[in-house]
1. Find the residue count for region 283-307, including only residues that are under 19 Å from the mean Cα position of the chain (by Cα) and either surrounded by fewer than 20 Cβ atoms within 10 Å (Cβ to Cβ) or of a type outside the set (A, V, I, L, M, F, W, C) (or both).
2. Please enumerate the residues belonging to region 251-262 that are surrounded by 15 or more Cβ atoms within 10 Å (Cβ to Cβ) and either at pLDDT 90 or above or closer than 25 Å to Gly174 by Cβ (or both).
3. If a residue must be exposed (fewer than 12 other Cβ atoms within 10 Å of the Cβ) and without any contact (Cβ under 8 Å) to a residue 60 or more places away in the chain, how many such residues does region 154-180 contain?
4. Just to be sure before I move on: is Arg235 at pLDDT 95 or above and not in a strand (DSSP E or B) in the structure I sent?
5. Looking at (1) in contact with a helix residue (DSSP H, G or I) (Cβ under 8 Å, 6 or more places away or on another chain); (2) within 23 Å of Gly138 (Cα to Cα), which is the one condition that is false for Asn249?
6. With the structure loaded, tell me whether Gly322 is surrounded by fewer than 18 Cβ atoms within 10 Å (Cβ to Cβ) and on the phi > 0 side of the Ramachandran plot or whether it fails that test.
7. Considering Tyr243, Tyr221, which residue is assigned to a loop (DSSP other than H, G, I, E, B), in contact (Cβ under 8 Å) with a residue 24 or more places away in the chain, on the phi < 0 side of the Ramachandran plot and of a type outside the set (Gly, Ala, Ser)?
8. Would you confirm, using the coordinates I've provided, whether Asp200 is acidic (Asp, Glu), in a helix (DSSP H, G or I) and in contact (Cβ under 8 Å) with a residue 24 or more places away in the chain?
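The values are calculated or read from the model by the stated rules, or taken from the named source; none is laboratory data. Computed from a prediction, not measured in an experiment: that's the story for all the values here. Neighbour counts are summed over all protein chains in view; Cβ atoms, including those assigned to glycine, are modelled from backbone coordinates with ideal geometry.
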Amino acid sequence: MKLARDLRLFDASYGHSVLLRKGQTITETAIIRIISLGFSGLYIDDGAEDDVTVESGVNEELRVEFITGVKSLFLSFKGSFDKDVIKQIEKISVTVGRLIDEIKNNEDFMVNIVDLKMYDDYTYHHSLSVAVISLTIGIALGLNNVELHQLGLSAVLHDIGKLMIPASIIQKPGRLTCDEFELIKNHPMYGTKILPHRHDIPESIFDGILSHHERMDGSGYPKGLRDKEIPLSGRILAVADVYDALTSNRPYRLPSLPSEASEYIMGGTGSYFDEDVVSAFIRKVAPYPVGTCVRLSNGITAVVVKNREEAPLRPLVRILSGNMLIDLTDKRHLNIVINGLGYS
């Protein structure tokens, strides 16, 4: 099998360098290396779907700018001068503005999490994924530009408190001890403490950082807030953070499929996650990204060709044997549903 899209490594000095190029044969050795580097997605070209085009939601230049900015920002916290942190926040703020414009200018924008995960280095790309998902939800909910900007910065900074926790705990491959988990649960508070408390950093950014692990039923942390006690930014970040974490390759578990992660989010509606936020999430984050191979309830295997915001669970698919298109929103095909993934 061959690679359908470049697979890239990130380097703070040089941007992205290509690990494997489009068209390159993927060997068993390459697969082992890909997994070891933390990648959780890649596109395979099997020659059967030449007309399936996977659109990149966020352009390459903006991704590099964003990731480079996030890494510089995180590194600035290791210094001793607040002015360096403020400078990096101002720089990433400009990039967040560009990201908002990019999403808003694409009326058909839907998040394809596989596309966002074509890179290594979880820490910085998690910030990108959470920002893209959060902003997409925020736009769908009608937030204005100021609110979106503050939401985007909260997404960038939501896990900054983990810098105060030993890497051996953050990257621990096994189950955390009770003491270790209690320490992890403090990272939202740590995040608000290490940020410079200045008048030019809006309070809403601190609110989002502090509340992104709160849950609607009060079972979250650090304050056990319930329902609308949780700021809207925290309710949005909660969904984006959990979805990206579930679909990421981590030292302690393999990634969930996008559809599985979406079902988890939907299952937590009302208890863990805000109903309106989940509704926007389901419309804008594709549970079956373009290029996904699916099994239909009639026994046929197909590949997703196009997603639709109004019917995210019923995409346009192409049958692998015969190349026929099936529109799962067509009333003639309402008895057909997606009931599995992968080749039969």
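1. Number satisfying all stated conditions: 8.
2. If the condition is that a residue be surrounded by 15 or more Cβ atoms within 10 Å (Cβ to Cβ) and either at pLDDT 90 or above or closer than 25 Å to Gly174 by Cβ (or both), then Pro255, Ser256, Leu257, Ala261, Ser262 are the ones that fit.
3. Count: 6.
4. Criteria met by Arg235.
5. Exception for Asn249: condition (2).
6. So Gly322 passes the test.
7. Sole residue among the options that is assigned to a loop (DSSP other than H, G, I, E, B), in contact (Cβ under 8 Å) with a residue 24 or more places away in the chain, on the phi < 0 side of the Ramachandran plot and of a type outside the set (Gly, Ala, Ser): Tyr221.
8. No, not satisfied.
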